[in-house]
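The values are calculated or read from the model by the stated rules, or taken from the named source; none is laboratory data. All of these numbers come straight from a predicted model, not from anything done at the bench. Here Cβ is always computed from backbone atoms with ideal geometry, including for glycine, and neighbour counts include all displayed protein chains.
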Amino acid sequence: MAFLLADYRKLLEALAKKGYSLGPVRTYYEGVIPPFVFLRHDVDRLPGRAVKMAQTEHDLSVSSTYYFRCDRKGIFPCKTIKKIAALGHEVGFHYETVARTKGDLSVAVKFFERELEGLRKIADVKTVTAHGSPLSRHSNIGYSEELGIRKFGLLGEPMADMDFSRVFYITDTGGVFGSADNLRDWSDGKNLRVATAPSELSKILIPQKEPMILLNSHPERWPSGMVGFLQATGIDMGVILLKKIVRSLRR
């Protein structure tokens with residue numbers, strides 16, 4: 001399922017009205033005063049939509065974090081990254097080196113270092129996070145220590161470092177916030193596990209109950225028009241079907 005970019009803007013406005021401060025992931029490591037929502041975006045496909053989302057946030061005087069993947073040749077969407085960094089947003093590395101090396105951690109470390117260096121030639125990078133790679137037998141999640149991310153001058157990896165007994169994790173992985181079709185993208189603590197539309201999400205989040213939130217959304221899922229909405233919905237339906245097939249075969 002997809003949503004319109006206007007729905008995302010309304011969500012941010014509603015959260016700010018409730019008293020939440022909104023900011024990028026790196027601020028977790030710098031120290032924040034609750035109530036606070038850390039805004040994370042995984043740019044998996046259609047990077048052009050990330051620019052529109054970044055502009056929407058900029059118009060609201062909000063900054064967030066955009067995590068970028070590279071292709072198998074180590075190439076990143078350079079123009080998109082520069083545009084988003086110029087709007088004042090944090091740029092991070094969305095790595096999938098464990099899955100691409102089929103679980104060979106010694107090779108994965110080399111891939112990680114090389115690809116991170118490539119991204120840093122485009123923009124400053126202080127945080128990284130793993131891509132779930134749901135169609136692969138190998139997950140990238142849970143290997144931050146093995147990859148030795150600290151030695152690269154990084155602040156950290158939010159899914160490994162955040163205290164999710166205090167931070168409420170919400171993601172649109174699977175097509176909607178709290179989707180049952182989310183295979184791997186969960187924290188080790190508090191998660192939204194009930195399918196919730198953006199308009200309903202802003203109603204249930206209360207600063208006194210959830211003072212800190214990590215909100216993860218994928219820009220491809222938030223187009224600005226109906227044509228893009230239908231396209232994104234179709235892509236989500238196809239990906240969900242593939243996940244179900246893969247899950248069935250693994251069983």
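Restricting to region 60-74, name every residue that is on the phi < 0 side of the Ramachandran plot and touching a residue at least 12 places away in the same chain (Cβ under 8 Å).
Going through region 60-74, the residues on the phi < 0 side of the Ramachandran plot turn out to be 60, 62-73.
Of everything in region 60-74, those that are on the phi < 0 side of the Ramachandran plot and touching a residue at least 12 places away in the same chain (Cβ under 8 Å) turn out to be L60, V62, S63, S64, T65, Y66, Y67, F68, R69, C70, R72.
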Just wondering, is there one or more residues in region 144-164 that are at pLDDT below 95, assigned to a loop (DSSP other than H, G, I, E, B) and of a type outside the set (G, A, S)?
-> no
Somewhere in region 178-187, is a residue out of contact with any helix residue (DSSP H, G or I) (no Cβ under 9 Å at 6 or more places or on another chain), of a type in the set (K, R) and either modelled with pLDDT under 90 or under 30 Å from Q231 (Cβ atoms) (or both)?
-> yes
If you check V37 against the conditions, is it part of a strand (DSSP E or B) and over 20 Å from L147 (Cβ atoms)?
-> yes
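Suppose we keep only residues that are over 19 Å from P77 (Cα atoms) and of a type outside the set (K, R) within region 102-132. Which one would you say is surrounded by the fewest Cβ atoms within 10 Å (Cβ to Cβ)? Write out each step before concluding.
Filtering region 102-132 for residues over 19 Å from P77 (Cα atoms) gives 102-110, 132.
Among the residues that remain, those that are also of a type outside the set (K, R) are: 103-109, 132.
Details: G103: 15, D104: 14, L105: 14, S106: 8, V107: 14, A108: 23, V109: 19, G132: 23.
Only one residue fits best here, namely S106.
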Filtered residues of region 50-75 (kept if within 16 Å of the chain's Cα centre (by Cα) and either part of a loop (DSSP other than H, G, I, E, B) or within 23 Å of A108 (Cα to Cα) (or both)) | S63, S64, Y66, Y67, F68, R69, C70
Any idea which of N140, N182 is surrounded by 15 or more Cβ atoms within 10 Å (Cβ to Cβ), touching a His at 6+ places or on another chain (Cβ under 7 Å) and closer than 25 Å to V91 by Cβ?
-> N140
Per the filter on region 173-192, residues of a type in the set (A, V, I, L, M, F, W, C), assigned to a loop (DSSP other than H, G, I, E, B) and under 14 Å from I213 (Cα atoms) are W186, L192
Could you say whether any residue in region 61-74 is farther than 17 Å from T129 by Cβ, crowded, with 22+ Cβ neighbours inside 10 Å and at pLDDT 95 or above?
-> yes
Cross-chain or 6+ apart pairs with Cβ under 6 Å, region 82-99 first and in a loop (DSSP other than H, G, I, E, B), then at pLDDT 95 or above and surrounded by fewer than 24 Cβ atoms within 10 Å (Cβ to Cβ) | L87/H58; G88/S63; H89/S63
Every listed condition ((1) part of a helix (DSSP H, G or I); (2) touching a helix residue (DSSP H, G or I) at 6+ places or on another chain (Cβ under 8 Å); (3) of a type in the set (S, T, N, Q)) holds for S106 save (2)
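Just to check your reading of the model, which residue among I141, I206, I170, I213 is in a loop (DSSP other than H, G, I, E, B) and either more than 19 Å from the chain's Cα centre (by Cα) or at pLDDT 95 or above (or both)? Please lay out each step first, then the result.
On the way: I141 fails: either more than 19 Å from the chain's Cα centre (by Cα) or at pLDDT 95 or above (or both); I170 fails: in a loop (DSSP other than H, G, I, E, B); I213 fails: in a loop (DSSP other than H, G, I, E, B).
Just one listed residue meets the conditions, I206.
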Long-range neighbours under 6 Å by Cβ, at least six apart or interchain, first residue over 27 Å from F68 (Cβ atoms) within region 192-219, second at pLDDT below 95 and assigned to a loop (DSSP other than H, G, I, E, B) | A195/V176; A195/S179
